[in-house]
Amino acid sequence: MNEKEHEEKLKRLYEEVKKNMEDRPIMKIMREEDARKANNRNDKLITKEEVERQIRANYPEQTKYWLGNGRGKHTAIDVAVKCSKCDCQGIITIEDKCELRDLLKEKCLRCEMWEDAENAHLNIRLPFGKFRGKTINVVMKKQPSYLAWFVDKVKGEDALVEKIKTHTRFPQAWADYVGKQAVIVPKARREAMEWHEGRFSQQTIDELFNSFYGEQNPI
């Protein structure tokens, strides 16, 4: 086998393995993580990046305070906010960095009211567990990952599980839960799972290499 043929076979092997891995469920979860994070940011009235842009453009002399160490002279500033979901917009005045931090956590009140109305049928109390006696709506706001875990692990509560799945926030809660499970799986185990799910399952790397290039003499 000449050098050119060797390079071509190595390239084909790389492309085969790469395609095989990219089609696996865990790899899809990992690729979708950024999209989920972006979707979470859409729940907020304003992003950190947009606040920084407005302060640099409208209050350049106060950037040291608002975007730096919090020292120096400053005045109250106006920040334009807009909900990316319902297009509700307005101007909010903040006086210090504590209020700025609170603003970055704020969600659209109109969207929250609509969400509460859509999920009004889910004021159902959980019968057991750490949130026993709390309603599905309360738990979804406090710890959505618990409801995703409940759907995944709890048996014998099919009717309740189906109710939980109808919550408007459940798809995002489930995506975050599944993504976290993929991340916390030890790397060696995750790689083994990917390998055994793929086209080359039940083959070691040495066997696969030899099938492409023939047996190699050990150095």
Could you tell me which of Leu100, Gln62, Val81 has its Cα farthest along the dipole of segment 48-106 towards the positive end, charges placed at Cβ (Lys, Arg +1; Asp, Glu -1), taken about the Cα centre? Gln62
Likely footprinting exposure, Val178, Val51, fewest C-beta neighbours within 10 Å first: Val178, Val51
Burial ordering of His74, His167, fewest other beta-carbon atoms within 10 Å first: His74, His167
Using only the Cα atoms of segment 48-106, what are the Rg and Dmax in Å? 11.5, 37
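Nothing charged except the Cβ atoms of Lys and Arg (+1) and of Asp and Glu (-1): what's the magnitude of the dipole of segment 48-106 about its Cα centre? Round to the nearest 20 debye.
Taking the Cα centre of segment 48-106 as origin, the dipole is about 240 debye.
None of the figures in this text is laboratory data; all of them are computed from the coordinates on show. Just so you know, these numbers come straight off a predicted model, no measurement behind them. Please note: Cβ atoms are built from the backbone with ideal geometry, for glycine as well, and neighbour counts cover all protein chains shown.
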